[in-house]
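Undergrad: Here it is: the structure, laid out below.
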Amino acid sequence: MVGVDLLILDNKYDAATALKNAEEFVRSKVDLVIEFQVEQEVAPMIADKIASANIPLIAIDIPHPHATYFGVDNYRVGVEAGETLATYATAEWDGKVDWVLGLDLAEAGPLVQSRITGAFEGIRSEFPELPVEVFVRMDARGMRDRSKKLVSDFLLRHPKDKHILIATATDSSALGAVDAVREQKRDKHVAIVGQDCIADAIAEMRKERSPLIASVSHETSSYGPSLIHLGLSLLRGQTVPPYNYVEHKLVTRESLR
């Protein structure tokens, strides 16, 4: 035990709630704030409130001004997803690729969007001859239903294309893409890689002919002790890196076996 008292407030994936919670942390005169909220637009406001009270801030996954970053290396996990998709296309489709879709999460800001940037670069490293127009980014907002709609519409517009790679910013988007692919019986024509390795994605990957071929685990179960260690270092006045990246791991159907 390290003698730490925790005040836990739920941001509910809502910008206004996150702002109110930041104000509550300031009123409560906490020693340190560990912030996780996905709206890049309000990050400067939250960070300013906390910095004005001279409270150290750790931001998880979404960068905030004045904050020490803790989380995944978004670009690198994207590259790994892209390389996995490229390897699949080489092995299963004889290197043929008609389209590369990126289901993005624009509201989270450019660092999280670099998951899709990295994925596209991972695919280009294997297929440098692919023209830029086959790479298509869509703002799926990390949501399953919206992702299903976007991918369904795309598949309907391209009924004859049989080699479609999809990289997603979240597993929820990946599962939405799976829903669309399965509904249109295009399972053999599409390969998908997600991010986060949530339980529903693992269950989907275990299905023998699922188009979801992999997901990158951000190992969030390891966050707690590392965050406490980082927070205590800040409170002791120790110098810490501005970006503190966690380990990540590619999970595939084969590795689950």
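Undergrad: Of the conditions (1) touching a strand residue (DSSP E or B) at 6+ places or on another chain (Cβ under 7 Å); (2) at pLDDT 95 or above; (3) under 22 Å from Tyr243 (Cβ atoms), His64 fails just one. Which one is it?
TA: It fails just one condition, (2).
Undergrad: Given the structure, is Asp104 open to solvent by less than 20 Å² (accessible area, probe 1.4 Å) and of a type in the set (Asp, Glu)? If you could, list the steps in order and put the result at the bottom.
TA: Details: open to solvent by less than 20 Å² (accessible area, probe 1.4 Å): yes; of a type in the set (Asp, Glu): yes.
Yes; evaluated as a whole, the condition is true for this residue.
Undergrad: Those residues that are open to solvent by less than 50 Å² (accessible area, probe 1.4 Å) and more than 25 Å from Ser255 (Cβ to Cβ), I need them from the stretch 114-131; list them, please.
TA: Initial filter on the stretch 114-131 (open to solvent by less than 50 Å² (accessible area, probe 1.4 Å)): 114-116, 118-120, 122-123, 127, 130.
Hit for the stretch 114-131 is Leu130, nothing else.
Undergrad: Could you tell me how many of the residues in the stretch 60-78 are open to solvent by 10 Å² or more (accessible area, probe 1.4 Å) and among the β-branched types (Val, Ile, Thr)?
TA: 2
The values are calculated or read from the model by the stated rules, or taken from the named source; none is laboratory data. Keep in mind the model is a prediction, meaning the values are calculated, not measured. Note: ideal-geometry Cβ built from the backbone for every residue, glycine included; neighbour counts use all protein chains shown. When the accessible area is computed, the model is the full protein with side chains, heavy atoms only, and any ligands, DNA or RNA have been set aside. Shrake-Rupley method; radii C 1.70, N 1.55, O 1.52, S 1.80 Å.
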